[in-house]
Amino acid sequence: MALRPIIFSDNPLLRQKSHRVSRVSDEVRQLIEDMFETMRAAHGVGLAAIQVGLPLRLIIIEVPEDLDDPDAGRCLTLINPELARVSADLEEGVEGCLSVPGWVGTVPRFTAVTVKGLDPHGRKVRLRATGYLARILQHEIDHLSGVLFIDHASEVWRVEEGTEEEAEAAYAQQKQALQPSEDA
């Protein structure tokens, strides 16, 4: 495995559309391993191949284990992912990006999505996601079309670089605290 350099928002490659992966080869599987190592070293929750300079339709996700979320600890690799279905409902949430360090923004996303693609063995997969996983999937799939979270954000603000994930978690906790209790 190897760490790969993450490219930043000033790199025009991030605005290009990524190409379909025609064959899931050993090289693609090695790229997946490298991407997981790179994402974990950068303390991210998702990474698209374009973010390491390769315009391929490939994303990886790892939902943090310490979240109070049904998908906590889940790892996903999707090759040629596509949104097959989206909910009618949108929900605002705070997002950051490894390619836009030091910035977060409030972004509306669909509350539920169905995504289809291939797994690392080239088998077709289809999954339904809600909540945080649905948000991450939409964020990473956007990268494959050259779209950054700042393109959707209703507001963007600066945070100390490396604290983007904490800003996202704080927003989620604040929002959860404002939700009416089921016991009420």
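Please treat every number below as a calculation from the coordinates, not as lab data. Just so it is clear, the structure is predicted and the values come from calculations on it, not from any experiment. For neighbour counting, all protein chains shown are included, and Cβ atoms are generated from backbone atoms with ideal geometry for every residue, glycine included.
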Within-12-Å neighbourhood charge of L83 [Cβ basis; K, R +1; D, E -1]: +2
Against the longest principal axis of the chain, how steep is helix 164-178, in degrees 0 to 90 to the nearest 10, with axes from Cα atoms? 40
Using only the Cα atoms of the chain, what are the Rg and Dmax in Å? 16.0, 54
Please list 3J(HN,Hα) in residue order for the range 100-113, calculated via the Karplus relation 6.51 cos²θ - 1.76 cosθ + 1.60 where θ = phi - 60°; whole Hz, with x for glycine and proline. 10, x, x, 10, 9, x, 8, 10, x, 9, 5, 6, 9, 9
Residues L76, L58 in order from fewest to most other beta-carbon atoms within 10 Å are L76, L58
Using only the Cα atoms of the range 7-111, what are the Rg and Dmax in Å? 14.5, 39
Could you give each residue of the range 78-86 its phi-based ³J(HN,Hα) in whole Hz, using Karplus coefficients 6.51, -1.76, 1.60 with θ = phi - 60°, and x for Gly or Pro? 10, 9, 6, x, 9, 6, 8, 7, 10
Taking 0.36 nm per residue of sequence separation and subtracting the Cα-Cα distance, how much length would be gained by fully extending the chain between R23 and L127, in nm to one decimal? 35.3 nm
Spatial separation of Cα centroids for the range 89-112 and the range 5-23, in angstrom: 19
Residue-count net charge about V125 - beta-carbon cut-off 9 Å; Lys, Arg +1, Asp, Glu -1: +3
Most exposed to least, judged by fewest other Cβ atoms within 10 Å, E140, E155, E91 sort to E155, E91, E140
